[in-house]
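Below is one structure, written out as structure tokens; comments come after it.
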Amino acid sequence: MYLHLGADTVVRTRDIIAVFDMDRATVNATSRKFLAAAEKKKKVVNVSDDLPKSFIICADGHVLISAVSSQTIARRNESNRCE
């Protein structure tokens, strides 16, 4: 199955390791360090020009920054499972 993350970006659900709320996760120092390290390695991809609401960690090490909220991504994932 695939999940739409905004703009023209879809990702296979089996490639998603975790989905985080941007506001909540970036309060934590460990999360900020993780994002900074991923950005330094050029593994961060912003998939939207809008305000970032979530970030998705993928199995290949990429971090996708999305304007779609983590709650919406979770709902989309649930609706995919029912089909």
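The values are calculated or read from the model by the stated rules, or taken from the named source; none is laboratory data. Predicted model, so just to flag it, every value in this text is computed and none were measured. Cβ atoms come from the backbone with ideal geometry, glycine included; neighbour counts cover every protein chain shown. For accessibility, only protein heavy atoms count, side chains too; no ligands or nucleic acids. Shrake-Rupley method; radii C 1.70, N 1.55, O 1.52, S 1.80 Å.
Rounded to whole Hz and in sequence order, give me ³J(HN,Hα) for the stretch 73-80 from the Karplus expression 6.51 cos²θ - 1.76 cosθ + 1.60, θ = phi - 60°, writing x for Gly and Pro.
4, 4, 5, 4, 5, 4, 5, 5
Measure off, as a whole percent, the carbon and sulfur share of the 1.4 Å-probe accessible area of the chain, all protein chains present.
C and S fraction of accessible area: 52 percent.
Under the rule of -39500 (n - 2.57) per DSSP H run of 4 or more residues, summed and divided by the residues of the chain, what mean residue ellipticity at 222 nm is obtained, to the nearest 500 deg cm²/dmol?
-10000 deg cm²/dmol
Could you check what % of the DSSP bridge pairs in the stretch 16-75 are antiparallel, to the nearest 5?
Approximately 75 percent, going by the DSSP bridge assignments.
Skip the ligands, DNA and RNA, and give the accessible area per residue of the stretch 16-81 with a 1.4 Å probe, whole Å².
65 Å²
Which of the listed residues, V11, V63, N28, is farthest toward the dipole's positive end in the chain, when Lys, Arg count +1 and Asp, Glu count -1 at the beta-carbon?
N28
Amide H to amide H under 5 Å from S54: which residues, 5+ apart in sequence or cross-chain, H placed 1.01 Å off N in plane?
M22, S66, V68
As an exercise, identify the trypsin sites (Lys or Arg not before Pro) in the chain lying in DSSP coil whose Cβ has no more than 15 other Cβ atoms within 10 Å.
Answer in residue order: K41, K42.
Enter the per residue convex hull volume of the chain, computed from alpha-carbon coordinates, in Å³ rounded to the nearest integer.
Spread over its residues, the Cα hull of the chain gives 86 Å³ apiece.
Modelling each spin label as a point 7 Å along the Cα-to-Cβ direction, I'd like the V45/R75 distance in nm, to one decimal.
2.6 nm
Using θ = phi - 60° and the Karplus curve 6.51 cos²θ - 1.76 cosθ + 1.60, what whole-Hz ³J(HN,Hα) does each residue of the stretch 52-59 get, with Gly and Pro shown as x?
Rounded to whole hertz, the list is x, 10, 8, 9, 10, 9, 9, 4.
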